[in-house]
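Everything below concerns the one structure shown next.
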Amino acid sequence: MTLITLVLGDITRQSADALVNAANSSLLGGGGVDGAIHRRGGPAILADCRRLRAGHLGRGLATGGAVATTAGELDARWVIHTVGPRWARDEDRSELLVSCYRESLRVADELGARTVAFPAVSAGIYGWPVDDAARIAVETVRAARTGVEEVRFVLFDEAAYAAFAARL
Ligand code: AR6
């Protein structure tokens, strides 16, 4: 059984085996969680991302995928970068958001991570309505077959926290 916990706060202040980043396909940084992780984690994370782009991720990381790097100076062993879908009114992209959580947990299992902290992937700059983002996140983690012992959702504001709390 995976314990699911909720925290109101900044994911870059968390201590866990792995912190999940809501990245974009380039893996080269951005705003939101991504900007905060690179700022606080320092240049080692970007250096790892550039190595991935020079290697098997030459065209970037696909939406719904996940890949790990060092966590640099963050209080974690790894950052797992995942690329959420942009929300679209005229198209159901839920399976891609499901895939972000599944793939991140698959990578966590490969690494042997026991505690994993997630932000509300896609619920910021990518515009996903937070109630639906919370539903997908909680349902997917509950249904996952994983050795991860604790999944911690780290929510940045009261509205996101309330949305996740309502689903638990
Ligand atoms: N800790 C925890 N949650 C946070 C933090 C933080 N430090 N900062 C923001 N959030 P977003 P996305 C919340 O925009 O929607 C970047 O430019 C935020 O309030 O970080 O997947 C990437 O490079 C929201 O609830 O990610 C991509 O281009 C949630 O985290 C794009 O944004 C996700 O917001 C990805 O957009």
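The values are calculated or read from the model by the stated rules, or taken from the named source; none is laboratory data. Bear in mind that the values here come from a model prediction, so they are computed numbers and not experimental data. FYI the Cβ positions are ideal-geometry reconstructions off the backbone, even for glycines, and counts take in every protein chain you see. Protein only, heavy atoms only, side chains kept; ligands, DNA and RNA dropped before computing areas. Shrake-Rupley method; radii C 1.70, N 1.55, O 1.52, S 1.80 Å.
Express in Å², to the nearest 10, the accessible area of D132 obtained by rolling a 1.4 Å probe over the protein heavy atoms while all chains stay in place.
That residue has around 50 Å² of solvent-accessible surface.
Take every Cα-Cα pair in the chain and report what % of them are more than 26 Å apart.
Value for the chain (Cα pairs over 26 Å): 18 percent.
Quick one: net charge of E149's neighbours, Cβ under 14 Å, K/R +1, D/E -1?
Once positives and negatives cancel, what remains is 0.
Could you give the size of the charge dipole of the chain about its Cα centre, using +1 on the Cβ of each K and R and -1 on the Cβ of each D and E, expressed in debye and rounded to the nearest 20?
400 debye
Kindly work out what percent of the DSSP beta bridges joining two residues of the chain are antiparallel, to the nearest 5.
So the antiparallel bridges in the chain amount to around 20 percent.
Using a probe of 1.4 angstrom, how much of the accessible area of the stretch 3-167 is carbon and sulfur, in percent?
For the stretch 3-167, the apolar C and S fraction of the accessible surface comes to 48 percent.
Where the centroid of each part is defined by its Cα atoms, how far is the stretch 11-52 from the stretch 131-168 in Å?
For the stretch 11-52 versus the stretch 131-168, the Cα centre distance is 20 Å.
For the chain, report the accessible area per residue in Å² (1.4 Å probe, heavy atoms, rounded to an integer).
I get 48 Å² per residue for the chain.
In whole percent, what relative contact order does the chain give with Cα contacts below 8 Å and a gap of six or more residues?
Computed value for the chain: 32 percent relative contact order.
What distance in nm lies between label points placed 7 Å from Cα along the C-beta direction at E95 and R59?
1.9 nm
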